[in-house]
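Asker: A single structure is presented below for examination.
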Amino acid sequence: MSSPRISSDSSFQAFPWAGLFTLSALIFTSVTSEWLPTGLLPEIATELSVSESQVGLLITIFAATVVISTAPLAALTRNYSRKSLVITVLLVFVVGNLLAAAAPNYAVLVVARVIGGLSHGLFWAVVGAYSAHLVPAHQVGRAVAVTSAGATAAFVLGVPVGTALGHALGWRLAFVVIAIIILALTIMVVRVLPPVDHRHTLSTGEISIPLRKDRSVPGVIYVCILVALVMLGHNLFYTYIVPYLIGPAGIEPGAVAGILLIFGAAGAVGLALAGLLVDRFPRSIISVTVALVAICAALLGLFPAEPWIMFPVIIVWGMAFGGVPAMIQTRLLQLASPRMRDVGSAYLTTSFNIGIGGGALFGGILLDQYGILSLPAVDAVILGIAVVFAIVGGELLRRRDGRAAALRDLQPTPPAP
């Protein structure tokens, strides 16, 4: 007997732990695969006779593919079964990783990363909204926190483990292991992930309109701009956190990994808190946490050589930022109409990658021109702008929704038949 199909408006009681943990594990593996070349630059460069900067470009190619392809692919596949689409995308991801493992030259490896970027972008677009389809509206924040734990775990453990795996077995076998794990998780998807009905059913008398005219489009745009600002500010500093720690902060190189692990562990705590708070304070929690990250960046820029300030600030920074991606994703799912969730998640993925790539690029320019201590200062300024945008934009959306509700109340009720 097939699994029951779950409607996005269902009021079922059982929380779908098995399906959500499977999605979380897939996100963990996907993010680990995305960043796998980062820790294996010398090995790949030596074997393929290219420079380390060319290998580093594989990350950029992957991210650029996600930015360019995610929204169009999500729009083209919006009428397909969500579960079938997840399975298809995962199989393509397996092919991309196996091709990377077998790549005889750099050009083939680039093609493999493009395939990975194509599958990664659509995977995030579908999985980003899948959790919202599995639970009723009041549990969306909790469900997103569970699935987003995979991304947090990947940054805390996945990248170091993937790098260690590559050093122990060779970079090619590292890609093979990732492919095998994804294939095993694909089997789990087939067995335990409930299918969902993601299509929006029109109410009696409701007229179908193009997605671009959906009333939730301004909310989706608002969240996408907000995430691009937040990730731009955060990543222009965090991308170069190691030079900051070894340089102005005076940390021994051997201790840097431990500090980053502490940062990641604090982020996991922040993610858990986000799952508890985002549904209670959907409009204010993002502004508060982003403001806290901005304050932390400013303090790190002002007091880099003061350990008694720096270490607690890094922990607070990790806790504050750890829940931000999940809270922003939750906010999107709260603002988007049911039929806009998948496309909205695609645009959110694009915005994340624009912020991540743009932050690294902008941070590199600042680093070369003005030095490492310019990064936390600019980070704080950009995040301050993001906080203002979050507050003002959220208030404008609230007033817009209030006016729309007032107009609906003024409309005459049709007579009973």
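Asker: Has segment 83-106 got any residue that is surrounded by fewer than 18 Cβ atoms within 10 Å (Cβ to Cβ), of a type outside the set (Val, Ile, Thr) and either at positive phi or part of a loop (DSSP other than H, G, I, E, B) (or both)?
Answerer: yes
Asker: Which of the residues belonging to segment 328-374 are in contact with a helix residue (DSSP H, G or I) (Cβ under 9 Å, 6 or more places away or on another chain) and either on the phi > 0 side of the Ramachandran plot or acidic (Asp, Glu) (or both)?
Answerer: Matches in segment 328-374: Asp342 only.
Asker: Let me ask something else about it. Hey, can you tell me all the residues within segment 218-263 that are touching a Gly at 6+ places or on another chain (Cβ under 6 Å) and not in a helix (DSSP H, G or I)? Show your work before the answer.
Answerer: Taking segment 218-263 and keeping what is touching a Gly at 6+ places or on another chain (Cβ under 6 Å), we get 220, 222, 228, 231-232, 235-236, 239-240, 263.
Within segment 218-263, Thr239, Tyr240 meet the criteria.
Asker: Then there's this: Does segment 326-342 include one or more residues that are among the hydroxyl-bearing types (Ser, Thr, Tyr) and over 19 Å from Gly121 (Cα atoms)?
Answerer: Residues of segment 326-342 among the hydroxyl-bearing types (Ser, Thr, Tyr): 330, 337.
Right, trim to over 19 Å from Gly121 (Cα atoms) and you get 337.
For segment 326-342, residues among the hydroxyl-bearing types (Ser, Thr, Tyr) and over 19 Å from Gly121 (Cα atoms): present.
Asker: So is Thr289 in contact with a Ser or Thr (Cβ under 7 Å, 6 or more places away or on another chain), of a type in the set (Val, Ile, Thr) and more than 18 Å from Gln139 (Cα to Cα) or not?
Answerer: On the way: in contact with a Ser or Thr (Cβ under 7 Å, 6 or more places away or on another chain): no; of a type in the set (Val, Ile, Thr): yes; more than 18 Å from Gln139 (Cα to Cα): yes.
So Thr289 does not fit the description; no.
Asker: Kindly indicate the residue of segment 321-353 that is farther than 28 Å from Val269 by Cβ and β-branched (Val, Ile, Thr) and also farthest from the chain's Cα centre (by Cα) among those meeting that condition.
Answerer: Looking at the filtered set, the residue picked out is Val343.
Asker: Which residues, counting only those in segment 67-82, are in a helix (DSSP H, G or I), of a type outside the set (S, T, N, Q) and touching a residue at least 24 places away in the same chain (Cβ under 8 Å)? I'd like the intermediate steps shown before the answer.
Answerer: Let us first name the residues in segment 67-82 that are in a helix (DSSP H, G or I), namely 67-76, 82.
This time we only want the ones that are of a type outside the set (S, T, N, Q), so: 67-68, 71-76, 82.
Correct list: Val67, Ala71, Leu73, Ala74, Ala75, Arg82.
Asker: Has segment 353-370 got any residue that is of a type in the set (S, T, N, Q) and closer than 30 Å to Leu73 by Cα?
Answerer: If we filter segment 353-370 for residues that are of a type in the set (S, T, N, Q), which is where we start, we get 353, 369.
Pick out the ones that are also closer than 30 Å to Leu73 by Cα and you get 353.
The answer is yes, given that some residue of segment 353-370 is of a type in the set (S, T, N, Q) and closer than 30 Å to Leu73 by Cα.
Asker: Which one of these does His167 not meet: (1) modelled with pLDDT of 80 or more; (2) farther than 30 Å from Leu273 by Cβ; (3) not in a loop (DSSP other than H, G, I, E, B)?
Answerer: Of (1) modelled with pLDDT of 80 or more; (2) farther than 30 Å from Leu273 by Cβ; (3) not in a loop (DSSP other than H, G, I, E, B), only one is false for His167: (1).
Asker: Another question about this same structure. Could you check, for segment 383-390, whether at least one of its residues is modelled with pLDDT of 60 or more and either farther than 30 Å from Val313 by Cα or not hydrophobic (A, V, I, L, M, F, W, C) (or both)?
Answerer: Taking every residue of segment 383-390 in turn, at least one turns out to be modelled with pLDDT of 60 or more and either farther than 30 Å from Val313 by Cα or not hydrophobic (A, V, I, L, M, F, W, C) (or both).
Asker: Further question: Being at pLDDT 80 or above and under 19 Å from the mean Cα position of the chain (by Cα) is the filter here, so list the residues in segment 359-375 that pass it.
Answerer: Within segment 359-375, just Gly359 meets the criteria.
Asker: Another question, if that's okay. Run down Leu348, Leu367, Leu335 and say which single residue is surrounded by 24 or more Cβ atoms within 10 Å (Cβ to Cβ) and touching a residue at least 60 places away in the same chain (Cβ under 8 Å). Let's see the steps before the verdict.
Answerer: Numbers: Leu367 fails: surrounded by 24 or more Cβ atoms within 10 Å (Cβ to Cβ); Leu335 fails: surrounded by 24 or more Cβ atoms within 10 Å (Cβ to Cβ).
One residue alone meets the criteria, Leu348.
The values are calculated or read from the model by the stated rules, or taken from the named source; none is laboratory data. Just so it is clear, the model here is predicted, and its values are computed rather than measured. For neighbour counting, all protein chains shown are included, and Cβ atoms are generated from backbone atoms with ideal geometry for every residue, glycine included.
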